[in-house]
1. How much accessible area per residue does the chain have, counting only protein heavy atoms and a probe of 1.4 Å, in square angstrom?
2. Please give, to one decimal in nm, the separation of the simple spin-label points placed at Y287 and K337, each 7 Å out from Cα toward the Cβ.
3. How many nm separate the modelled label positions at E146 and S222, each set 7 Å beyond the Cα in the direction of the Cβ?
4. If one puts a single equal scatterer on every Cα of the chain and applies the Debye formula without solvent, what log₁₀ I(q)/I(0) results at q = 0.06, 0.15 Å⁻¹?
5. Calculate the FRET efficiency for K135 and Q40 from the Cβ-Cβ distance with a Förster distance of 45 Å, rounded to the nearest 0.05.
6. Under a 10 Å cutoff between Cα atoms, tell me which one of D32, D92, D80 has the largest fluctuation in the Gaussian network model of the chain.
7. Quick one: which residues, 5+ away or cross-chain, put their amide H under 5 Å from the amide H of G275? H built at 1.01 Å from N.
8. Relative contact order for segment 213-315 using alpha-carbon pairs under 8 Å, separation at least 6, rounded to a whole percent?
Amino acid sequence: MNESYIDELDAQELYEHFRFEVDPGQTPLRIDKYMQEKMQRSSRNRIQKAVDAGFVHVNERPVKSNYKVRPGDIVTLMLDRPRHDSTIEAEDIPLNIVYEDDALMVIDKPAGMVVHPGAGNFHGTLINAVAWHLKDDPRFDANDPEVGLVHRIDKDTSGLLVVAKTPEAKSRLGVQFFNHETHRSYLALVWCNFTEEEGRIEGNIARDPHDRLRMMVFPPDSEIGKPAVTHWHVVERFGYTTLVECRLETGRTHQIRAHMRHIGHPLFCDERYGGTEILRGQRSSTYKAFIQNCFALCPRQVLHAQTLGFRHPVTGEQMDFSSPLPSDMEAVIEKWKNYIHGSANQNQESF
């Protein structure tokens with residue numbers, strides 16, 4: 001890195017986004033590998049680009065990508081823009097509140113809504129809407145981690161969530177989720193037909209090393225990732241696809257999506273996990289058009305958090321909730337029913 005470039009960086013106003021102090025026992029390690037370990041949501045390629053742009057500093061000076069960190073080094077990521085203010089603001093967004101009392105809220109989230117502000121989604125989230133709904137409740141502060149979301153579902157998954165209004169409620173509900181004492185089931189439309197009526201999927205879940213936005217399944221004894229167990233049973237068969245109910249023992253990120261892909265049954269229209277490929281069926285243009293029409297009806301993974309059950313954190317009463325299928329999922333399931341029934345008397349390849 002030449003001196004003129006360093007002078008240019010010095011003249012540019014940079015803002016600190018992350019800071020790490022290298023541990024005393026750290027062996028020499030390339031700066032990009034070190035930062036990848038510390039910033040697991042960022043790919044190595046993205047980190048290398050930041051290094052090449054002069055945004056990665058060690059002891060207040062930019063370094064090259066082949067620099068090896070040493071014990072005591074202060075590593076910082078300095079960008080040419082201020083760090084985004086992560087304060088959660090109240091926003092007047094409609095909520096479908098299934099149940100509410102002084103301790104908690106149960107919300108039926110629509111597909112397409114992010115549950116919590118994060119990279120690329122700092123506004124319009126479910127928790128922004130909750131902050132507005134509870135703006136006159138002096139006990140609730142959306143920026144206090146001791147209240148709020150007890151668990152999450154993906155942006156493009158619809159269905160039930162519980163929000164704690166008090167620290168006591170969040171703590172007690174959190175214990176139930178941790179001890180697998182809650183009841184949660186999802187309806188999913190997946191590719192291909194099952195040979196059995198029900199089954200159990202067990203496999204650790206961790207980030208895919210080749211795609212940081214996707215999760216991957218590893219053997220339970222691999223010591224990679226976190227243990228995850230999904231139980232499933234067939235609800236209805238459509239030959240080339242199957243409607244299944246999934247019951248979670250654990251609640252890992254993308255658990256159903258990753259587990260189903262792992263056993264060869266990606267969720268229908270789940271682009272990230274291969275569900276937008278035509279994995280089963282005919283080669284005719286009519287069938288391909290039918291599939292594309294299905295994708296258009298429900299342009300997201302066909303997954304719905306249908307039921308949620310837990311003990312009330314204050315009264316101890318068993319609370320059970322159920323959410324009807326959203327219209328987009330109903331439409332695509334109905335289309336598959338009509339397709340199968342209309343094809344029942346025709347000669348087709350074996351399912």
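The values are calculated or read from the model by the stated rules, or taken from the named source; none is laboratory data. Only a predicted model underlies this, so the values are computations on that prediction, with no experimental measurement involved. Backbone-built Cβ (ideal geometry, glycine too); neighbour counts: all protein chains shown. Just the protein is used for accessible areas: all its heavy atoms, side chains included, with ligands, DNA and RNA removed. Shrake-Rupley method; radii C 1.70, N 1.55, O 1.52, S 1.80 Å.
1. On a per-residue basis, 53 Å².
2. 2.3 nm
3. For the pair E146/S222, the computed spacing is 3.9 nm.
4. The Cα Debye sum returns log10 ratios of -0.30, -1.27.
5. On the way: r = 34 Å, r/R0 = 0.76.
Step by step, r from the Cβ atoms, then E = 0.85.
6. Of D32, D92, D80, the Gaussian network model singles out D80 as fluctuating most.
7. D270
8. 20 percent
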